[in-house]
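Working notes for the structure below.
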Amino acid sequence: MTRLIEPVRTAPVAARPGGARSRIGWTFVLLTAFAVVAFSAAPYFTASLRDLADAEVGLAPTYAATHPFVQGALYAHIVGGAIALLVGALQFWRGLRMRAPGLHRWLGRLYLAAVAVGGVAGLVIAPSSPAGYVGLFGFGALAVLWLVTAWRAYRAIRRGDVPSHRAWMMRNYALTYSGVMLRLWLPLLLLAPLVLGLPWEFESAFANAYAAVPFLCWLPNLVFAEWLIRRRGLPSYRLLVTRG
């Protein structure tokens, strides 16, 4: 039995691009992206990494003692990820694509450049993740897929294949949005033992939660993106099972 991955194009399921659901979903994505940039990314530029580490801000305690090259990569990852989160959300605004296609193209170039910077920097900082090997492989795989899907989106639009470009951009932004989902999953996982009636202690609960998010923050996003791509009739992928 051999499983092959094959690209397919499906018929759209009663798609209404400008419907209320689409607007609500896009607004939620945009607002959560702004929130993450404002409350999680911006603080890294308000003080030195050592001062932030003393205040136990975000990942500062982990990376304050690393090599300056790794610290530089951390800042590059933060800047690239922040730009990609905000610009990427704007790229899915249908009004921008229809009324200002030139601006849409320039923002697309900025977005892909931000992903390139953030993805390469992500590969540099992944080995220093506080989640250990899980962080290395989870965040490392995320960085690789982030770069690969961006490249595929770029190649698709260069050859004029707009449907494939849209599909790859949806996959890519699903990976970009992992920066938001990580921060949504963490408190949910932290509270899970309390909901289940299990013993709870912050440090162990946080360690367990952070051990899960390197994969949890992006795998469900990709699954949802692929479902959405197929629903809209864009080039998708399916597993073919052949017996022989």
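The values are calculated or read from the model by the stated rules, or taken from the named source; none is laboratory data. Because the structure is a prediction, the values reported are computed rather than measured. Here the Cβ positions follow ideal geometry from the backbone for every residue, glycine too, while neighbour counts run over all protein chains shown. Side chains included, ligands, DNA and RNA excluded: accessible areas come from the protein's heavy atoms. Shrake-Rupley method; radii C 1.70, N 1.55, O 1.52, S 1.80 Å.
Observations
- Residue count, the stretch 124-176 (criterion: over 30 Å from A64 (Cα atoms), open to solvent by 50 Å² or more (accessible area, probe 1.4 Å) and assigned to a helix (DSSP H, G or I)): 8
- Cβ-Cβ distances below 7 Å connect the following pairs, each with a first residue in the stretch 50-71 that is modelled with pLDDT of 90 or more, a second residue that is open to solvent by 50 Å² or more (accessible area, probe 1.4 Å), and a separation of six or more residues or different chains: A53/P61; T62/P130; A64/R50.
- Residue within the stretch 213-231 that is charged (D, E, K, R), open to solvent by 80 Å² or more (accessible area, probe 1.4 Å), modelled with pLDDT of 85 or more and within 30 Å of S22 (Cα to Cα) present: yes
- The listed residue being in contact (Cβ under 8 Å) with a residue 12 or more places away in the chain and surrounded by fewer than 19 Cβ atoms within 10 Å (Cβ to Cβ), out of P235, P187, P199: P235
- Positions within the stretch 177-197 being in a loop (DSSP other than H, G, I, E, B) and either of a type in the set (K, R) or in contact with a helix residue (DSSP H, G or I) (Cβ under 9 Å, 6 or more places away or on another chain) (or both), in sequence order: Y177
- Tally, over the stretch 73-97, of residues that are without any contact (Cβ under 8 Å) to a residue 12 or more places away in the chain and either out of contact with any helix residue (DSSP H, G or I) (no Cβ under 9 Å at 6 or more places or on another chain) or under 27 Å from L52 (Cβ atoms) (or both): 1
- Of residues in the stretch 91-100 being part of a helix (DSSP H, G or I) and open to solvent by less than 60 Å² (accessible area, probe 1.4 Å), the one modelled with the highest pLDDT: Q91
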